[in-house]
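*Asks:* Sharing a structure, written as structure tokens. Questions coming.
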Amino acid sequence: MQIILNNRPAHFEGEKITVNELIKRKNFTFKLLVTKINGKLVRVDERDNAWISEGDKVEVMHLISGG
Amino acid sequence: MYLTVFYALSFCACWRKMYFYKLNMAVRIMTETLIRNHLSHFEVAIAGCGGLGSNAAVALARSGIGKLFMVDFDRVELSNLNRQYFFYDQIGQYKAHALADNIHRIDKSIGLRTSIVKLDETSVTQLFATVDLVIEAFDQAAEKQMLLETMLVNFPEKPLIMGNGMAGFGKFELIKQQQWDKQVYICGDFTNEISEDNPPLAPRVGIVANMQANLALDLILKMRK
């Protein structure tokens, strides 16, 4: 499966994966992430049920403390 | 003969005018009076009056913003004075109130509102309904996330400018500005989290705060009212 992750092409095994699975496979370790599929916000509690499939545009941004 | 020269000259003048007009439109050359007039019609919310919020608010105030709405639940502490726009004799005061005092010392004509509250989803939705732009200036990543998600869901058309990663010193080349959604912009280095070994310091915090204010000006000067 080929997707666009943070504006770059990315390849994953399988036909579809959840957002949490993607976070695990890509090893995003920051505690606080904000995620979107095709421009639509996916909240923390929705990440196990939000599916990513071929051609989707996925954005993962980490937020860090300080201000 | 004279007539031809006259026509040629006036033709050139006309083209010159059109050329400069187009140039002005493209790079938005504005006099300071025009900038201040435009900004005077807009209100910016400052979500958190710490290092980012206090410095961004002051930059906007000096530029001629019409109104500022400052929100923070915290009080000024001695340890804040290494980067936040407060003074020694303000220790113990609510940050939102102290910042309002400081801004009124710069410009008495700015309309100021303050709210002493720890922002959550409900209060963000209520308080920020009328403002034109929001500057995110929280300390904790969890609060940043709450504000970003609340804004995306409730006010997708309202610009939000966030700060993300500005601890430590040096590493100027890592600091950047990024558009993350139609109306969400992020300034910072996206890496340097505050910790005991990586404290927030005046220069880098000030750089990011002023980037946020600079971007706010840019966006507001494109808005109409």
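*Asks:* Just checking: which of the strands (runs of 3 or more DSSP E) contained wholly in segment B:31-140 hold 2 or more residues that are closer than 22 Å to B:I186 by Cβ and hydrophobic (A, V, I, L, M, F, W, C)?
*Replies:* Output list reads B:43-47, B:67-71, B:133-136.
*Asks:* Answer with yes or no whether B:A141 is within 14 Å of chain A (Cβ to nearest Cβ), under 23 Å from A:V44 (Cα atoms) and surrounded by 20 or more Cβ atoms within 10 Å (Cβ to Cβ). Even if it seems obvious, please write down each step before you answer.
*Replies:* On the way: within 14 Å of chain A (Cβ to nearest Cβ): yes; under 23 Å from A:V44 (Cα atoms): yes; surrounded by 20 or more Cβ atoms within 10 Å (Cβ to Cβ): yes.
Against the criterion (within 14 Å of chain A (Cβ to nearest Cβ), under 23 Å from A:V44 (Cα atoms) and surrounded by 20 or more Cβ atoms within 10 Å (Cβ to Cβ)), B:A141 qualifies.
This table checks each residue for (1) within 14 Å of chain B (Cβ to nearest Cβ); (2) hydroxyl-bearing (S, T, Y); (3) open to solvent by 50 Å² or more (accessible area, probe 1.4 Å).
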residue	(1), (2), (3)
A:E21	no, no, yes
A:L41	yes, no, no
A:V44	yes, no, yes
A:V58	yes, no, no
A:G66	yes, no, no
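*Asks:* For chain A, list the strands (runs of 3 or more DSSP E) that sit wholly inside it and hold at least 1 residues that are polar (S, T, N, Q) and within 10 Å of the chain's Cα centre (by Cα); which are they?
*Replies:* Fully inside chain A and qualifying: A:16-18, A:32-37.
*Asks:* If we only count strands (runs of 3 or more DSSP E) wholly inside segment B:157-225, which ones have 2 or more residues that are among the β-branched types (V, I, T) and within 27 Å of A:N6 (Cα to Cα)?
*Replies:* B:184-188
*Asks:* What is the one condition in (1) open to solvent by 10 Å² or more (accessible area, probe 1.4 Å); (2) within 18 Å of the chain's Cα centre (by Cα) that B:E121 does not satisfy?
*Replies:* Only one criterion in (1) open to solvent by 10 Å² or more (accessible area, probe 1.4 Å); (2) within 18 Å of the chain's Cα centre (by Cα) is unmet by B:E121, namely (2).
*Asks:* Of B:Q183, B:Q178, B:Q212, which residue is in the same structural domain as B:G66 (by TED's automatic domain parsing) and without any contact (Cβ under 8 Å) to a residue 24 or more places away in the chain?
*Replies:* The conditions single out B:Q178.
*Asks:* Go through segment B:163-199 and give me each residue that's of a type in the set (A, V, I, L, M) and either open to solvent by 20 Å² or more (accessible area, probe 1.4 Å) or more than 8 Å from every other protein chain (Cβ to nearest Cβ) (or both).
*Replies:* Selection gives B:L174, B:I175, B:V184, B:I194.
*Asks:* Shifting gears a bit: Taking B:N154 and the conditions (1) over 17 Å from the mean Cα position of the chain (by Cα); (2) among the polar types (S, T, N, Q); (3) open to solvent by less than 30 Å² (accessible area, probe 1.4 Å), which numbered condition does it fall short on, given that it satisfies the others?
*Replies:* Single failed check for B:N154: (3).
The values are calculated or read from the model by the stated rules, or taken from the named source; none is laboratory data. Given the structure is predicted, the values throughout are model-derived calculations rather than measurements. Note: ideal-geometry Cβ built from the backbone for every residue, glycine included; neighbour counts use all protein chains shown. Please note that ligands, DNA and RNA were not included when accessible areas were found on the heavy atoms of the full protein model with its side chains. Shrake-Rupley method; radii C 1.70, N 1.55, O 1.52, S 1.80 Å.
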